[in-house]
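Next up is a structure, given as structure tokens.
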Amino acid sequence: MSSDGHVATALNAFAKNIRRNSRVENRPPLLSPHQGEVRQQRLEELAAQAEGLASNPRKATYQRFESILKQVEELGASTEREIIIAVASAFMQRPYVSEHRFRYYSNGSSEDA
């Protein structure tokens, strides 16, 4: 599997974990039913964002994943430590190509060099 494939797989597992933890029965006990529904809807939106990253892993960034993770945690949903490690590892294994080098290779010239 390509490194982008690993990123996509890990992000999809993250999204699935968010959905599993968004269920009403997993809401914190101090939330009203309405607050629980709002929380569940927001977690569903975050899962969709993670799936969006997975659908285009080449453009996905660790910073965007981390932003989603932070929001998930702020909503009180737990994420399995193994999944977080898998996502981080997948991003670390992806070869780094700077924006400048990407433009150079895309254009076939070094206009910005």
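The values are calculated or read from the model by the stated rules, or taken from the named source; none is laboratory data. Everything numeric here is computed off the predicted structure, so don't read it as measured data. Here the Cβ positions follow ideal geometry from the backbone for every residue, glycine too, while neighbour counts run over all protein chains shown.
Go through (1) at pLDDT 85 or above; (2) crowded, with 17+ Cβ neighbours inside 10 Å; (3) out of contact with any Leu (no Cβ under 8 Å at 6 or more places or on another chain) for Gln63 and report which single condition fails.
The single condition Gln63 does not satisfy is (2).
Pairs please, first residue from region 59-71 and touching a residue at least 60 places away in the same chain (Cβ under 8 Å), second anywhere and exposed (fewer than 11 other Cβ atoms within 10 Å of the Cβ), Cβ atoms under 6 Å, 6+ apart in sequence or on different chains.
No pair meets every condition.
Among the residues of region 5-27, how many are assigned to a helix (DSSP H, G or I), at pLDDT below 90 and among the charged types (D, E, K, R)?
Result for region 5-27: 1.
Out of the residues in region 28-50 that are within 15 Å of Gly76 (Cα to Cα), out of contact with any Pro (no Cβ under 9 Å at 6 or more places or on another chain) and buried (at least 18 other Cβ atoms within 10 Å of the Cβ), state the one that is modelled with the lowest pLDDT.
Ranking the qualifying residues of region 28-50, first place goes to Gln40.
For region 72-82, enumerate the residues that are more than 20 Å from Leu30 (Cβ to Cβ) and free of Cβ contacts under 8 Å to residues at least 24 places away in the same chain. Give the steps one after another, and end with the answer.
Of the residues in region 72-82, the ones more than 20 Å from Leu30 (Cβ to Cβ) are 79-82.
If the condition is that a residue be more than 20 Å from Leu30 (Cβ to Cβ) and free of Cβ contacts under 8 Å to residues at least 24 places away in the same chain, then Arg81, Glu82 are the ones that fit.
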